[in-house]
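The values are calculated or read from the model by the stated rules, or taken from the named source; none is laboratory data. Keep in mind that what you see is a predicted model, and the values were worked out from it rather than measured. With ideal geometry, Cβ positions are generated from the backbone for all residues, glycine too; neighbour counts draw on all protein chains shown.
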Amino acid sequence: MTQASVNAVRSVDLAVRDLDLARSFFTDVWHLQEVASDNGTIYLRATDRYFHVISLRSASPQEAGLVRIVLQADSRQAVDLIFEQVGRFGTAIDGAPRSLHGPGGGYGFGFKDPEERNFAVVCEVDDHPESGAQVDRPTRLSHVNLNCRENDATFGFLSAALGFKLSDQTRQFRFIRCNADHHSLVLGFNDNANLNHIAFEMPDLDSVMRGIGRMRDHGYPVEWGPGRHGPGNNVFAYFCGPGELPIEYTGEMQQVDDSYAVGKPEDWTWPPGRLDHWGITPGPSARVKAAQALFRFTESGYRLERD
């Protein structure tokens, strides 16, 4: 039987404690563009075609967190096949694929993974014409890094149900892909199942550096970077955004195909005091390390709205 696969991580949906602050940050500082507001939810796009790369909604401190990660599929047929693949695992699903209402529309369904994180798979969203890469503005989501208590179970699910493939494994992470990017999701070996960080793709190294300067201008210091990772060979800079949200500017992600030799932990070692190719800074700050365990997934975020 042919396996259906997703082909991108298209967006993340967040529930935040201070909606006005988050809205101002992601438009004025992070350089996304607001494209819609509906029923209290704000949608923001990057320069690529996806209708939005992040949405924001207000929540109490107890209910704030990551609502869901939204994945892209090629067609309704692919969504329907993925629905069948997910169903074999017995995790929570919000119903059969259907037409979706609200800004962007689309066709899809929502579900939980084995560690109770919320996902959706969609297609036929009313996306924008691409506006072209612009210096100092994110183009799209690059990847989402997830903490995993049960890394093997999560990796098995994402591989069998959604078609992700392993690119590299280190002592701390599995890097998995669903397109030519070296990784679209990263699975950490951790003691929790929360968000580690969200990474936004920038056009090039210069744009990452300009983003660092703009963040500093607005009072957001770099928590790690600039640097160049080992797996993926991408440049990076990490920050703590509103509410300590762990976020990354990245760029120049390595492009791979099925001929790529999967790396093992012993392939990715560093000299003492170094955690990336450049070694400009010794590693993540205590602040961002703490932030990389704070954001849980909301309980009901796997349920997509229905027409």
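Miscellaneous remarks
- Residue in the range 214-224 that is over 22 Å from Val70 (Cα atoms), in a strand (DSSP E or B), touching a Pro at 6+ places or on another chain (Cβ under 9 Å) and modelled with pLDDT of 95 or more present: yes
- In the range 3-35, the residue that is modelled with the lowest pLDDT out of those that are in contact with a helix residue (DSSP H, G or I) (Cβ under 8 Å, 6 or more places away or on another chain) and surrounded by fewer than 18 Cβ atoms within 10 Å (Cβ to Cβ) is Gln3.
- Some residue of the range 36-44 being in a helix (DSSP H, G or I) and either touching a helix residue (DSSP H, G or I) at 6+ places or on another chain (Cβ under 7 Å) or surrounded by 22 or more Cβ atoms within 10 Å (Cβ to Cβ) (or both): no
- Subset tally (residues that are within 21 Å of Phe155 (Cα to Cα) and in contact with a Cys (Cβ under 7 Å, 6 or more places away or on another chain)) for the range 79-135: 2
- Meets criteria (under 21 Å from Leu162 (Cα atoms), in a strand (DSSP E or B), in contact (Cβ under 8 Å) with a residue 24 or more places away in the chain and touching a strand residue (DSSP E or B) at 6+ places or on another chain (Cβ under 9 Å)) for Val70: yes
- All positions within the range 174-193 that are without any contact (Cβ under 8 Å) to a residue 40 or more places away in the chain and of a type in the set (A, V, I, L, M): Ile176
- Pro103 vs. criteria within 23 Å of Tyr302 (Cβ to Cβ) and in contact with a Phe, Trp or Tyr (Cβ under 8 Å, 6 or more places away or on another chain): yes
- Scanning the range 158-196 for residues that are surrounded by fewer than 22 Cβ atoms within 10 Å (Cβ to Cβ) and in a helix (DSSP H, G or I), we see that the one that is nearest to the chain's Cα centre (by Cα) is Ser159.
- Residue within the range 4-27 that is of a type in the set (Asp, Glu), outside any strand (DSSP E or B) and either within 14 Å of Thr139 (Cα to Cα) or in contact with a His (Cβ under 9 Å, 6 or more places away or on another chain) (or both) present: no
- Here Arg49 clears all of (1) farther than 23 Å from Thr298 by Cα; (2) assigned to a strand (DSSP E or B) except the condition numbered (2).
- From the list Gly110, Gly105, Gly132, Gly95, the one residue that fits, being outside the structural domain of Met215 (by TED's automatic domain parsing), out of contact with any Leu (no Cβ under 9 Å at 6 or more places or on another chain), in contact (Cβ under 8 Å) with a residue 40 or more places away in the chain and not in a helix (DSSP H, G or I), is Gly132.
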